[in-house]
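Down below is the structure, laid out as structure tokens.
The values are calculated or read from the model by the stated rules, or taken from the named source; none is laboratory data. Every value quoted in this text rests on a predicted model; they were computed, and no experiment measured them. FYI the Cβ positions are ideal-geometry reconstructions off the backbone, even for glycines, and counts take in every protein chain you see.
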Amino acid sequence: MKKISLNLFVLFFTLVLLWSCGSPSTTTSVRDEIQEEIIEEEGLPEDNSPLDSVKYRRVSEQIHGHWMAKETLEAVEKTGSLYKNRELKTKYYGFILDKGNLMNTDPYLNGFTRTVGGITVKLKYNRQKNHYESRPNAIENIIVKPVDEKNIELFFVNSNKTEHYQLTKEHFEQNRLLLTVGKYKDKRTGKAVEFKENGQVSGLGKLTYHEVAIDFTEGPFFDALYLDSSGKLRDKVVYHFKKEGKDMKLFEVRGKGQKQTYGDLLYDLEKL
């Protein structure tokens, strides 16, 4: 009787031991599956190991910044005109990728055209391929491919198309750099005129701030500068500008909206 009781005790103890060893494994497996689902949904790296943490942080830092369509930038620089290059040949005029956002739980690409901003494409980090790509529910099916420190590619999966973008300043600032920034002398009066990267202007009387027009939907239907004395452009003055090499001519603009026309030459600026 004692022998039978002892055997029953050993059997019971063995079953308890096996159950206790197996239970955490099962719990861990379920927990891992839930964690994987959370990671997939929130766009976090699929593996939180130290190696992958370093890798995805490095990619996030590499693609951080303000990016503009390379083809458009080159065309504007060559022609000295935004109006002549108003039709985009790329999906976006540009987009912003922020490393802080990319390493957060809800990473996204913030795209914009000449007329529309805030085009949000939700992203996730692909651990196996070490890049960011759109999530299944995103408005675009894209892959973000860093090329080097100043160039990036967007691959549009559905259309099998690759677009090239270049690291730039903020887009209004970048357009000023391409078209207006510099020191000039008015050929007719000898007066000094300067356009700065931050938009400040000197030598044009009360007009002390400028931006380059990028939206031509409702006019003007030519290259234009918006100028005022406050930097808010609420009561802006419009000048038509024409680039001649590095030099620039500024013309008076009459009318409003689609009826705007340009007339008299106001400044004939030679770049110094």
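A few points about this structure:
- Annotation note: Cβ proximity below 9 Å between a residue of the stretch 120-138 that is at positive phi and a residue that is modelled with pLDDT of 90 or more and buried (at least 17 other Cβ atoms within 10 Å of the Cβ) (sequence gap 6+ or interchain) occurs for 130/59.
- Within the set 193, 212, 238, the sole residue that is within 30 Å of residue 144 (Cβ to Cβ) and of a type outside the set (Asp, Glu) turns out to be 212.
- One residue from 189, 208, 162 being exposed (fewer than 14 other Cβ atoms within 10 Å of the Cβ) and touching a strand residue (DSSP E or B) at 6+ places or on another chain (Cβ under 6 Å): 162
- Where strands (runs of 3 or more DSSP E) fall wholly inside the stretch 61-169, the ranges with 3 or more residues that are more than 30 Å from residue 219 (Cβ to Cβ) and outside the structural domain of residue 211 (by TED's automatic domain parsing) are 119-126, 131-134, 142-148, 151-156, 161-168.
- Each residue in the stretch 104-122 was checked for being over 27 Å from residue 215 (Cβ atoms) and either touching a Gly at 6+ places or on another chain (Cβ under 8 Å) or among the charged types (D, E, K, R) (or both), and 3 of them qualify.
- When we screen 89, 78 for residues that are loosely packed, with under 12 Cβ neighbours inside 10 Å, more than 22 Å from the chain's Cα centre (by Cα), at pLDDT 80 or above and within 30 Å of residue 225 (Cβ to Cβ), the only hit is 78.
- Per-region count, the stretch 64-75, residues of a type in the set (S, T, N, Q) and either modelled with pLDDT under 95 or surrounded by fewer than 16 Cβ atoms within 10 Å (Cβ to Cβ) (or both): 0
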